[in-house]
Amino acid sequence: MLDLAGTALIAVDVQSDFLPGGALGVPGADVVVAPIRELATHVNVVVATRDFHPPRHCSFTAQGGPWPPHCVIATPGAALHPDIDAVAHVIVSKGTDPSLEQYSGFDGTGLAGLLRARGVRQAIIAGIATDYCVRATALAACAEGFATIVVLDAVRAVDLRPGDGDRALDDIRSAGGRVCTRAKIVGCPPG
Ligand code: VGL
Ligand code: ZN
């Protein structure tokens, strides 16, 4: 059981388009929902980030980017999973500027200041995808000075190249973050 005083849970991009069946569906990613819901009951602040793109975002293949269109504003694919929406105190949108990619929930969103203003010193990070937005958000949390913990059993990777997810976790550890199971964080089996 970790000391969870002054802790925020950041649920990264648990959205229809990143869940199985979505435009950029990550296999098995729906497993993140239950542990996130459970962790949400132990922390002071729950943040949900969402990828929230205009129709011709620079990350889309038609614009020369690497991804099919996904998480387009005002489409069902952009919707947060309802169970995550239900527990979030703060929703942070990113990737809303057509010409900017923002994998990190801290990138230009004011999230670090918002968390500090609420007395947060520690960030527990979970969600999708380990090798993109979870990685970027966790590295930024470390750089902003938050004690950072990624929940091993509440993240899933795209793994475009095999091992990308594991390498992302190594990068987070190298930056001073920790990677722990949900049970290790809250010290008990799921309720
Ligand atoms: C993400 C690819 C493109 C993510 C966002 O949330 O990890 N991945 N846009
Ligand atoms: Zn995106």
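The values are calculated or read from the model by the stated rules, or taken from the named source; none is laboratory data. All figures in this text were calculated on a predicted structure; none of them were measured in a lab. Virtual Cβ from ideal backbone geometry, glycine too; neighbours counted across all protein chains shown. Quick note on the areas: whole protein, heavy atoms, side chains included, nothing else; ligands and nucleic acids left out. Shrake-Rupley method; radii C 1.70, N 1.55, O 1.52, S 1.80 Å.
Protection proxy ranking, highest mean first, for peptides 79-86, 42-49: 42-49, 79-86, where packing is the per-residue count of other beta-carbon atoms within 10 Å, averaged.
Heavy atoms of the protein chains alone define the surface here; on that basis the chain has 43 Å² accessible area per residue at 1.4 Å probe size.
Label segment 147-187 by shape, choosing from rounded, prolate and oblate, from the square roots a ≥ b ≥ c of the eigenvalues of the Cα gyration tensor; if a/c is under 1.5 it is rounded, and otherwise prolate applies when a/b is larger than b/c, oblate when it is not. Walk me through the intermediate numbers first.
Values: a/c = 3.39, a/b = 1.48, b/c = 2.29.
Verdict is oblate for segment 147-187.
Quickly work out the Ala5-to-Asp153 label distance, labels modelled 7 Å from Cα along the C-beta direction, and quote it in nm with one decimal. My value for the distance between the label points is 2.8 nm. Our summary gives segment 139-191 a relative contact order of 43 percent, counting only alpha carbon pairs under 8 angstrom and 6 or more residues apart. If only the Cβ of Lys and Arg carry +1 and only the Cβ of Asp and Glu carry -1, the dipole of the chain around its Cα centre is close to 360 debye. Taking only the Cα atoms of segment 1-100, the radius of gyration and Dmax are 14.6, 47 Å. Taking 0.36 nm per residue of sequence separation and removing the Cα-Cα distance, the Asp107/Asp164 pair yields an extension gain of 18.3 nm. Sorted from greatest to least, the principal axis extents spanned by the alpha carbons of the chain come out as 47, 33, 33 Å.
Carbon-plus-sulfur accessible fraction, the chain (probe radius 1.4 Å, protein heavy atoms only): 55%. Normalised Debye scattering of segment 109-191 at q = 0.17, 0.20, 0.22 Å⁻¹ gives log10 I(q)/I(0) of -0.67, -0.88, -1.01, counting only Cα atoms as equal scatterers and leaving out solvent. Farthest towards the positive end of the charge dipole of segment 4-185, among the residues Leu160, Phe18, Leu80, is the Cα of Leu80, using unit charges on the Cβ of Lys, Arg, Asp and Glu.
Report the convex hull volume per residue for segment 58-119, counting only C-alpha atoms, in Å³. The partial results should precede the final answer.
Values: hull volume 6.0 nm³, N = 62.
In segment 58-119, the Cα convex hull volume per residue is 96 Å³.
Below 8 Å between Cα atoms, with a sequence gap of 6+, how large is the relative contact order for the chain in percent? Before the final figure, lay out each step's value.
Values: 429 pairs, mean separation 48.6, N = 191.
Reported as a whole number, the value is 25 percent.
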